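Visitor: This is the structure, below, for whatever I ask next.
The values are calculated or read from the model by the stated rules, or taken from the named source; none is laboratory data. Keep in mind that what you see is a predicted model, and the values were worked out from it rather than measured. In this analysis, Cβ positions are derived from the backbone assuming ideal geometry, glycine residues included, and neighbour counts consider all displayed protein chains. In case anyone asks, the SASA skips ligands and DNA or RNA and just uses the protein heavy atoms, side chains included. Shrake-Rupley method; radii C 1.70, N 1.55, O 1.52, S 1.80 Å.
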Amino acid sequence: MCGIVGYLGDKDAIPILINGLKRLEYRGYDSAGVAIVNSDGLHVVKRKGKVKELKCELEDTVLRGSIGMGHTRWATHGIPSDLNAHPHMDMAGRISIVHNGIIENYDLLKTVLEKDGIIFQSDTDTEVLVQLISKIYSSSKMTVAEAVQEALREVVGTYGIVVVSADEPDTLVVARLGSPLLLGIGEDEYFVASDASPIIEHTRNVVYLDDGEMAIITRKGYKIIRIRENHVIHKVVERIEFNLEEIEKGGFPHFMLKEIHDQTHSITDTFRGRLLLDTCRAHLGGIRDYLDHILNAKQCYITACGTSWHASLIGGYLLEEYARIKTRVEYASEFRYRNAVVDPDTVLIAVSQSGETADTLAAIRKGKEYGALTVGICNVVGSTIARETDCGIYTHAGPEIGVASTKAFTSQVAVFLLLTLQIGREHALKEKEAEKICSAMANISDHVKTVMDMSDEILEVAYAYKDKHNFLYLGRGLNFPVALEGALKLKEISYIHAEGYPAAEMKHGPIALIDENMPVVVLAPRDRTYDKVLSNIQEIKARKGKVISVTDAPTKQLISLSDHIITVPKVHRVVFPILATIPLQLLAYHIAVLRGCNVDQPRNLAKSVTVE
Ligand code: G6P
């Protein structure tokens, strides 16, 4: 979603804000802007487009100031335009706001404010909030912070906001409900941001705001209060552990390619200290205190969105097959509004790279309402989902910046392998089978490296199909979610229409689309589905479709039927989905680059979706 950054200290705020916005740009890139307060008053510079365009515009100004805030937008209300860009100001030009979230009752509030003679400049819900704050502020003796607090009590919706004012040039007011914000505590300087990436080059000490909290930051310090209850709260200052290099491109042309390559170590980072080879077991410290509860649960729901949902589908297959737990996998956006049969005997696993996705968070809250035990599988340490679930497992994939998720997916699958092993060994999973699974997991890094070396081979396939308008991806069992993920990667970053299907379902519809112009990517591991998948390939060839097979067993028959074969190392069937996903990530990447697309910031998408 939108990215927010704020600064208060003794340095020039603009370079800090621009640098911060660049780091946050993966959250939204429709428009960008900054507000600076100095002795001349409040100044807002904003424009449609990327942060680099804002930066160019600011280079032509003499604007300086040591307090300010910036915003990079993912449009919800109002088209991307200069006027709809944040920060927004009140009519008097004295108060300014940046906002991430949605004000649901903005229409009602706007009608009342317009009756009072307020003229709006933009189509955004955010401007309503700043005009409301201004109205309260100007008609009372309140401070800006008090006016913000009062206004927020009238608001229905979600927000992460920063407010500055010309009248209080040494104060940043920050508030959160549903959209993440954290404070960075430096030496006589303070930072605010939607996530830690703009902060870590300045300080590693942070305070996470929770929902319903606001912070008033001045040059003398900061105070955190509950918005509704109005009492002061004291929060722990936490340390951020990740390094700056992890959020830089490291010589790669795109974050996505860097993150695809990170998989040579990120999957083993997920396993580190948790995979116990000598006993063929796994130990996940984050769920230790709840293990009995999990082992005795009657059913498990897994909920997530997007790529994380695909990883969850694999998790569902694994848990049912090897750990013999009744498992359902559901989109969080569906689960949250449905009356699912969930009770205290249910374990609800929520999977999220960012740990901030609004639907997944709502699903967790719903699960808690029903008394379910909630388990988070998150990548971002300290994220809202990580903090709101009863217990959890970090994926440890490292920061993921490219909007199209890659290494987070394979690490989520890796966590499900660990979980399956840990629970399975207490239930039905025999030592012999566990031994095979463990050894496949332990050797994965070398196999990932082998697949990474196939990048040029995959580039050739990309050349052959880059101008196609449609793609089909097929897989069975554990590899059906891989087909879904391959198709999602391609459509997200290359804008080619792509569908993932269970291979056998092809004949119930998609087969009608197959002709010589339809490339079909088929996941064909040498497992119990192999012969069935070969039959599906025959059906595609009979209709002149182009077949790109991903296999670990290039038999003569498969070679003769395929137009292209991508052969990954032979591995245990539970590890094949991880290995087979990587060529599909590379295929999507190469096709997108060849088509001239912006792979790290695809149109209309955002990395972290903190609104419904
Ligand atoms: C957005 C991102 C996807 C991601 C999904 C779920 O749509 O663009 O890459 O898979 O959100 O995000 P989460 O952070 O919950 O995994």
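Visitor: Among the listed residues ILE240, ILE227, which satisfies the condition of being touching a Leu at 6+ places or on another chain (Cβ under 6 Å), surrounded by fewer than 20 Cβ atoms within 10 Å (Cβ to Cβ) and aliphatic (A, V, I, L, M)?
Guide: So the residue among ILE240, ILE227 that is touching a Leu at 6+ places or on another chain (Cβ under 6 Å), surrounded by fewer than 20 Cβ atoms within 10 Å (Cβ to Cβ) and aliphatic (A, V, I, L, M) is ILE227.
Visitor: Next question. What residue, among those in the range 8-41 that are in contact with a strand residue (DSSP E or B) (Cβ under 6 Å, 6 or more places away or on another chain) and either part of a strand (DSSP E or B) or free of Cβ contacts under 8 Å to residues at least 40 places away in the same chain (or both), is farthest from HIS254 (Cα to Cα)?
Guide: That would be VAL37.
Visitor: Follow-up. I need a count of the residues in the range 71-89 that are open to solvent by less than 30 Å² (accessible area, probe 1.4 Å) and either part of a strand (DSSP E or B) or within 16 Å of GLY6 (Cβ to Cβ) (or both).
Guide: So the answer is 6.
Visitor: Now, a different point. Looking at the range 487-504, can you tell me whether even one residue there is at pLDDT below 95 and surrounded by 17 or more Cβ atoms within 10 Å (Cβ to Cβ)?
Guide: Keep residues of the range 487-504 that are at pLDDT below 95, which gives 503-504.
With the extra rule that they be surrounded by 17 or more Cβ atoms within 10 Å (Cβ to Cβ), the set shrinks to 503.
Yes, the range 487-504 contains a residue that is at pLDDT below 95 and surrounded by 17 or more Cβ atoms within 10 Å (Cβ to Cβ).
Visitor: Which one of THR610, THR555, THR581, THR551 is away from the ligand (no atom under 16 Å from the Cβ) and in contact with a helix residue (DSSP H, G or I) (Cβ under 8 Å, 6 or more places away or on another chain)? Talk me through it step by step, then tell me what you get.
Guide: Numbers: THR610 fails: away from the ligand (no atom under 16 Å from the Cβ); THR555 fails: in contact with a helix residue (DSSP H, G or I) (Cβ under 8 Å, 6 or more places away or on another chain); THR581 fails: away from the ligand (no atom under 16 Å from the Cβ).
Only one candidate qualifies: THR551.
Visitor: Still on this structure, please answer the following. Only one residue in GLY184, GLY178, GLY250, GLY160 is among the small types (Gly, Ala, Ser), open to solvent by less than 20 Å² (accessible area, probe 1.4 Å) and more than 20 Å from the chain's Cα centre (by Cα), so which one is that?
Guide: From the options GLY184, GLY178, GLY250, GLY160, the qualifying one is GLY184.
Visitor: Inside the range 370-397, can you point out the residues that are touching a residue at least 60 places away in the same chain (Cβ under 8 Å), part of a loop (DSSP other than H, G, I, E, B) and either within 11 Å of the ligand (Cβ to nearest atom) or touching a Lys or Arg at 6+ places or on another chain (Cβ under 7 Å) (or both)?
Guide: Across the range 370-397, the qualifying residues are VAL380, SER383, THR395, ALA397.
Visitor: Considering (1) more than 16 Å from the ligand (Cβ to nearest atom); (2) modelled with pLDDT under 95; (3) more than 24 Å from VAL375 (Cα to Cα), say which one GLY402 fails and leave the rest.
Guide: Condition not satisfied by GLY402: (1).
Visitor: A further question on this structure: Looking at (1) part of a loop (DSSP other than H, G, I, E, B); (2) surrounded by 24 or more Cβ atoms within 10 Å (Cβ to Cβ); (3) not small (Gly, Ala, Ser), which is the only condition VAL98 fails?
Guide: (1)
Visitor: Take the residues of the range 584-607 that are within 11 Å of the ligand (Cβ to nearest atom) and under 20 Å from TYR473 (Cβ atoms): which is modelled with the lowest pLDDT?
Guide: The extreme case among them is LEU605.
Visitor: Which of the residues spanning the range 512-551 are of a type in the set (Gly, Ala, Ser) and either part of a strand (DSSP E or B) or in contact with a Cys (Cβ under 7 Å, 6 or more places away or on another chain) (or both)? It would help to see each step written out before you state the result.
Guide: Just the residues of the range 512-551 that are of a type in the set (Gly, Ala, Ser), to begin with: 512, 524, 535, 542, 545, 549.
Hits for the range 512-551 are ALA524, SER549.
Visitor: Let me ask you something else. When the range 341-360 is examined, which residues are found to be surrounded by fewer than 24 Cβ atoms within 10 Å (Cβ to Cβ), of a type in the set (A, V, I, L, M, F, W, C) and in contact with a helix residue (DSSP H, G or I) (Cβ under 8 Å, 6 or more places away or on another chain)?
Guide: Within the range 341-360, VAL342 is the sole residue that qualifies.
Visitor: Give, as residue ranges, the strands (runs of 3 or more DSSP E) completely inside the range 254-366 that count at least 1 residues that are at pLDDT below 95, away from the ligand (no atom under 16 Å from the Cβ) and closer than 24 Å to MET1 by Cβ.
Guide: Output list is empty.
Visitor: VAL413 passes all but one of (1) under 16 Å from PHE576 (Cβ atoms); (2) surrounded by fewer than 24 Cβ atoms within 10 Å (Cβ to Cβ); which number fails?
Guide: Failing condition for VAL413: (2).
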